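Notes to accompany the following structure.
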Amino acid sequence: MLNTLKDVQAHWLTSDWKVRLSAVVWFVLFVLFLLSVPILLDWSLWVILGVIAVSAVLGLGLTWLWHRFVHRSKPFAQSYLKATILLSFLLTILLAAPIYFLALQTALSPAVVPQVTLTNGKKTVVFQGMQHIGSDPFYKGVIYDLEKALTENYVIYYEGVANSTPEGDAWFSKKLAGGGDLSESYKALSKTCGLVFQLDYFTLLTEDMRTHPGRHITADVTTIQMKQEYDRLMTTDPEFARRNKDADKPEAKNDNDGDGIKSILNVLTKGTPGQQALGGTVCRGLISMTMANSAKNSDDSPLEPVVLDYRNKMLAERILGDAHSKIYVTYGAAHIPGVITILRKNDPAWRVVSEKWARTIEAPDEQKGYGTFRNL
């Protein structure tokens, strides 16, 4: 009799905990479902309807299997409804999860660039790492620092490969811009991502550029210089030649990639406000991930000796040959280590005296809850 009571009590406790655990699981799924539904609705109502339809079909099959091989006591309709609801919750959560992941990627693992100040005792160089597209707060901070530097008698170096001969421009367009205009591609991408193109912000310095042109210098190479360096390496560096010949093979590239990217950008740009917001979230997350990975791993592009190493060398030579004692450089952050290495080879006295970092990508103010009163 005692053993029977213990068995009943154990069975009751087990059943009770199953009910409690089931309630907790359903509650968590319901909350995640509620958080996920707005994401799918922003994309399209048809996505929600599709989820329900797929869940209904899969639920029918799962319920039949459950009743056929596991449990037959419950009514089929009740089990089917429960399975359909469960699958609807799971599918909705799974579809929305990547969007939330990319949004968290931007917030918790943001893309950052450094501002490094170095000196050899005679000359001071501030190297502001840049990014072609980014958020308003980043560029506003850069412009503020540039204006402050101008009041302290710095000359400003800007990045930007200059057009030259038709031959050089055509080579650059084909090799580095996918056959199009690189600036226009960045502008289109920035619009899709809810970001801004860096050159649009530099227009704030137009008046000072007009008044004091000697303080604003495009300290970069030309397209023909890059092509000439490329041609030189193709004849003198066998490994460089091999890698670039392999990259030019038809099977190593897809000529439709550029058109595909343009098509995606066009669709997102012309989409509903909800679709544009989702596209921006995805885009910012992917850029944040790409920037974080590129900071950890060196660029393995076949053109790196031209795009990075050659331009580092030319920039360092310009800095060393400049008579100004204060130089403020706005260049891609990937150039900083190489330029510092070259400067130190010329003069071991070069040392870093300060370093600070700034995040380049944030969600637009409207998605943070700011700007609520703009339309009143």
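The values are calculated or read from the model by the stated rules, or taken from the named source; none is laboratory data. None of the values given here were measured: they were computed from a predicted structure. With ideal geometry, Cβ positions are generated from the backbone for all residues, glycine too; neighbour counts draw on all protein chains shown. Heavy atoms of the whole protein, side chains included, go into the accessibility calculation; ligands, DNA and RNA do not. Shrake-Rupley method; radii C 1.70, N 1.55, O 1.52, S 1.80 Å.
Some notes on this structure:
- FRET efficiency, 1/(1 + (r/R0)^6) with R0 51 Å, evaluated for residue 206 and residue 245 via beta carbons: 0.70
- Taking each of 148/326; 175/356; 148/313; 191/227; 123/345 in turn, the alpha-carbon distance tops 22 angstrom for 175/356; 148/313; 191/227.
- Estimated vicinal HN-Hα couplings, Hz - the range 281-289 in sequence order (Karplus 6.51, -1.76, 1.60; Gly, Pro = x): 4, 4, 4, 5, x, 5, 5, 4, 5
- Å² per residue, accessible surface of the range 285-350 at 1.4 Å: 51
- For the range 187-250, the per residue solvent-accessible surface stands at 55 Å², with DNA, RNA and ligands left out and a 1.4 Å probe.
- With the simple model of a label 7 Å out from the Cα in the direction of the Cβ, residue 97 to residue 356 spans 4.0 nm.
- Packing rank of 352-360, 216-224, where each peptide gets the mean count of other beta carbons within 10 Å, highest leading: 216-224, 352-360
- Ordering of 112-124, 304-316, 337-349 by burial proxy (mean other Cβ atoms within 10 Å per residue, highest first): 304-316, 112-124, 337-349
- Between residue 18 and residue 167, the simple label model (points 7 Å from Cα in the Cβ direction) yields a spacing of 8.2 nm.
- Near residue 204: Cβ cut-off under 14 Å, other residues only, Lys/Arg at +1 and Asp/Glu at -1. The net charge is -3.
- Legend: Rg and Dmax of the range 305-357, from Cα coordinates, 11.1, 29 Å.
- Residues with amide H under 5 Å from that of residue 222, placed H, sequence gap 5 or more: 162
- For the range 119-201, with all protein chains in place and a probe radius of 1.4 Å, 53% of the accessible heavy-atom surface sits on carbon or sulfur.
- Computed with a 1.4 Å probe over protein heavy atoms only, the accessible surface of the range 63-125 comes to 59 Å² per residue.
- Coupling constants for the range 144-149 follow from the phi torsions by the Karplus curve (6.51 cos²θ - 1.76 cosθ + 1.60, θ = phi - 60°), and in residue order they are 4, 5, 5, 5, 5, 5 Hz; glycine and proline get x.
- The phi-based Karplus calculation (6.51 cos²θ - 1.76 cosθ + 1.60; θ = phi - 60°) puts the 3J(HN,Hα) values of the range 21-29 at 5, 4, 5, 5, 4, 5, 5, 4, 4 Hz, whole numbers, x for Gly and Pro.
- Prolate/oblate/rounded call for the range 34-178, Cα gyration tensor, a/c under 1.5 rounded: prolate
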